[in-house]
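These notes concern the structure reproduced below.
The values are calculated or read from the model by the stated rules, or taken from the named source; none is laboratory data. The shown structure was predicted, so the numbers you read here are calculated from the model rather than taken from an experiment. So basically every Cβ, Gly included, is an ideal-geometry build from the backbone, and we count neighbours across all protein chains shown.
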Amino acid sequence: MATYYLKTPLTEEDVTQLKIGDVVYITGDAFTCRSRLHRWVLDENHPLPEAGKERNLLIHVGPIVLREDDKFKLVSFMPTSSIRFEKWGARAVDEWGLRMIIGKTTMGEETMAMMQKKKCVHVSPQCVSPNSWVQNINITNVELFNELGTIEATWSMTVDKLGPFVVDIDCYGNNLYKNHEHEVDEQREKALAKLGIGPDFEYTKLY
């Protein structure tokens, strides 16, 4: 396991050196995206916001932001679960030219295959710390605020040594979560049985 301090815009060389389990800190420009923006662009054929055209680091997050004296004040920031966006993952990587996605949990087979083809990685927060990162993030702009609302809008930001994040999908078809699937499945079955939840339980779907 190695630790990397990367700067955006991320290059192919930046991400191809990463292996699952590596720790990453990021400095530079990023943009946010949740389910509504995916639908807006990829299902409803609206143009991608300028933030996405200019940046190749996407964060699956709906930050809590206040406007004070014509300035943005970030109140809370915690990436959400990327598996929720699997329907659009491969297309986003391909069409938006992404090199890295930050989000909790993992992504599915189609997105992993496209990440391997296009040289993109997925990284997850090493901890749950919605307020400790605020000082490392500067909100610079927002797009589609009126159309999508504050949580689903596209926020542009600059980050300074944001992390730590763990590489859980690399450019070579490896998935950190899959390496632990057997152990996780055993524990999940025990937990679901204890809670009285059936074996057909699935992730929450947004589509």
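Here is a list of conditions, (1) of a type in the set (A, V, I, L, M); (2) under 15 Å from the mean Cα position of the chain (by Cα); (3) over 15 Å from ARG55 (Cα atoms), and ILE26 meets all of them except one; can you say which number that is?
(3)
When the residues of segment 4-47 are narrowed to those that are polar (S, T, N, Q) and farther than 21 Å from ASP170 by Cα, which ends up surrounded by the fewest Cβ atoms within 10 Å (Cβ to Cβ)? Working first, answer last.
Keep residues of segment 4-47 that are polar (S, T, N, Q), which gives 8, 11, 16-17, 27, 32, 35, 45.
Those left that are additionally farther than 21 Å from ASP170 by Cα: 35, 45.
Numbers: SER35: 18, ASN45: 7.
Among those that are polar (S, T, N, Q) and farther than 21 Å from ASP170 by Cα, it is ASN45.
With ASN174, ASN146 as the choices, which residue is loosely packed, with under 11 Cβ neighbours inside 10 Å, modelled with pLDDT of 90 or more and not aromatic (Phe, Trp, Tyr)?
Numbers: ASN174 fails: loosely packed, with under 11 Cβ neighbours inside 10 Å.
From the options ASN174, ASN146, the qualifying one is ASN146.
From the list ASN146, ASN141, exactly one residue is of a type in the set (S, T, N, Q) and without any contact (Cβ under 8 Å) to a residue 12 or more places away in the chain. Which is it?
Numbers: ASN141 fails: without any contact (Cβ under 8 Å) to a residue 12 or more places away in the chain.
After ruling out the rest, the residue left standing is ASN146.
Identify, from the list GLN116, GLN135, the residue that is surrounded by fewer than 11 Cβ atoms within 10 Å (Cβ to Cβ) and either modelled with pLDDT of 85 or more or in a strand (DSSP E or B) (or both). Spell out the reasoning first.
Details: GLN116 fails: surrounded by fewer than 11 Cβ atoms within 10 Å (Cβ to Cβ).
When all the criteria are applied, what remains is GLN135.
Yes/no per residue for (1) within 22 Å of PHE85 (Cα to Cα); (2) among the hydrophobic types (A, V, I, L, M, F, W, C); (3) in contact with a strand residue (DSSP E or B) (Cβ under 7 Å, 6 or more places away or on another chain):
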position: MET100; (1), (2), (3): yes, yes, yes
position: GLY103; (1), (2), (3): yes, no, yes
position: PRO125; (1), (2), (3): yes, no, yes
position: GLN135; (1), (2), (3): no, no, no
position: MET157; (1), (2), (3): yes, yes, yes
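List the strands (runs of 3 or more DSSP E) inside segment 1-105, counting only whole elements, that have at least 3 residues being at pLDDT 95 or above and among the hydrophobic types (A, V, I, L, M, F, W, C).
On the way: elements: 3-7, 23-32, 57-59, 64-68, 71-76, 100-102.
Counting at least 3 such residues, we get 23-32, 57-59, 100-102.
Exactly one condition in (1) assigned to a strand (DSSP E or B); (2) of a type in the set (Phe, Trp, Tyr); (3) under 16 Å from ASP22 (Cα atoms) is not met by TYR172; state its number.
TYR172 satisfies every listed condition except (1).
Of the conditions (1) over 15 Å from PHE31 (Cα atoms); (2) surrounded by 16 or more Cβ atoms within 10 Å (Cβ to Cβ); (3) more than 14 Å from the chain's Cα centre (by Cα); (4) at pLDDT 95 or above, SER124 clears all except one; give me its number.
(3)
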